[in-house]
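Okay, structure first, notes after.
The values are calculated or read from the model by the stated rules, or taken from the named source; none is laboratory data. All values reported here derive from a predicted model rather than from experimental measurement. Note that each Cβ is placed from the backbone with ideal geometry, even for glycine, and that neighbours are counted across all protein chains shown. Protein only, heavy atoms only, side chains kept; ligands, DNA and RNA dropped before computing areas. Shrake-Rupley method; radii C 1.70, N 1.55, O 1.52, S 1.80 Å.
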Amino acid sequence: MRSMNQYAQYNNSKVLTASPAELTLMLYDGAIKFNNIAIMAIEKKDIEKAHNNIVKVERIIDEFRATLDSKYEVSQDFDRVYVYMLQRLLEANVKKDPEILEEVNTHLRSMRDTWKQVMEANKGKKQA
C-alpha cells in the first residue's frame, strides 16, 4: 500500500512540475492509454469499462480543442482532426468497435510523435 502512495505522490509531483509542452505530451499518452484500456474492455465484453475509458479519451480531446490557439492557422487543421476523432469515438462507443478505436489510436500516436519532435526541436533552440 505504501508503494502505491509513493507512486501517486511521484506522479502528482511530475504533473505539478511539468512544462505546458510536457503536460500536452502526458495528455496524449493518457488518451492512448485509456483508448487501449477501452479496446481491451470491449474484447472482454466489459461494456461499462469500455464506455468509461472512451469518455476519458473524449474529455482529453475536448481539452485539446479548448486550448487551441486560433491565431495560428494550423490550429484549424488540428481542430478538424480532433472533431473527426470525437466523431469516431462516439461511433466506437455506440458500436463497441475496437477497430475504430485502433484508428483513433493511430491518429493519437501520430499527433503525439509529432508533438515530441516539436518539443525536441524547441529544446535545441533554447540551448543554442
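Checking the stretch 84-91 against the condition returns no match, with no residue being within 18 Å of PRO20 (Cβ to Cβ) and open to solvent by less than 30 Å² (accessible area, probe 1.4 Å).
Of the residues screened, LYS44 is one that is without any contact (Cβ under 8 Å) to a residue 12 or more places away in the chain and either out of contact with any strand residue (DSSP E or B) (no Cβ under 9 Å at 6 or more places or on another chain) or surrounded by 16 or more Cβ atoms within 10 Å (Cβ to Cβ) (or both).
Candidates in the stretch 4-41 are the residues that are among the polar types (S, T, N, Q) and open to solvent by less than 80 Å² (accessible area, probe 1.4 Å); of these, the one that is modelled with the lowest pLDDT is ASN11.
Taking first residues from the stretch 52-73 that are under 20 Å from GLU91 (Cα atoms) and partners that are loosely packed, with under 14 Cβ neighbours inside 10 Å and of a type in the set (A, V, I, L, M), the Cβ contacts under 8 Å between residues at least 6 apart in sequence or on separate chains come to GLU58/LEU90; ARG65/VAL83.
Tell me, which residue of the stretch 97-122 that is of a type in the set (D, E, K, R) and closer than 17 Å to MET26 by Cα is least open to solvent (accessible area, probe 1.4 Å)? Taking the candidates together, the pick is ARG112. The selection criterion, being in a helix (DSSP H, G or I) and surrounded by 12 or more Cβ atoms within 10 Å (Cβ to Cβ), does not hold for VAL94.
Could you tell me whether any residue of the stretch 73-82 is closer than 16 Å to TYR28 by Cβ, of a type in the set (S, T, N, Q) and surrounded by fewer than 17 Cβ atoms within 10 Å (Cβ to Cβ)? Scanning the stretch 73-82 turns up no residue that is closer than 16 Å to TYR28 by Cβ, of a type in the set (S, T, N, Q) and surrounded by fewer than 17 Cβ atoms within 10 Å (Cβ to Cβ).
Number of residues in the stretch 74-91 that are in contact (Cβ under 8 Å) with a residue 12 or more places away in the chain and either β-branched (Val, Ile, Thr) or not in a helix (DSSP H, G or I) (or both) equals 2.
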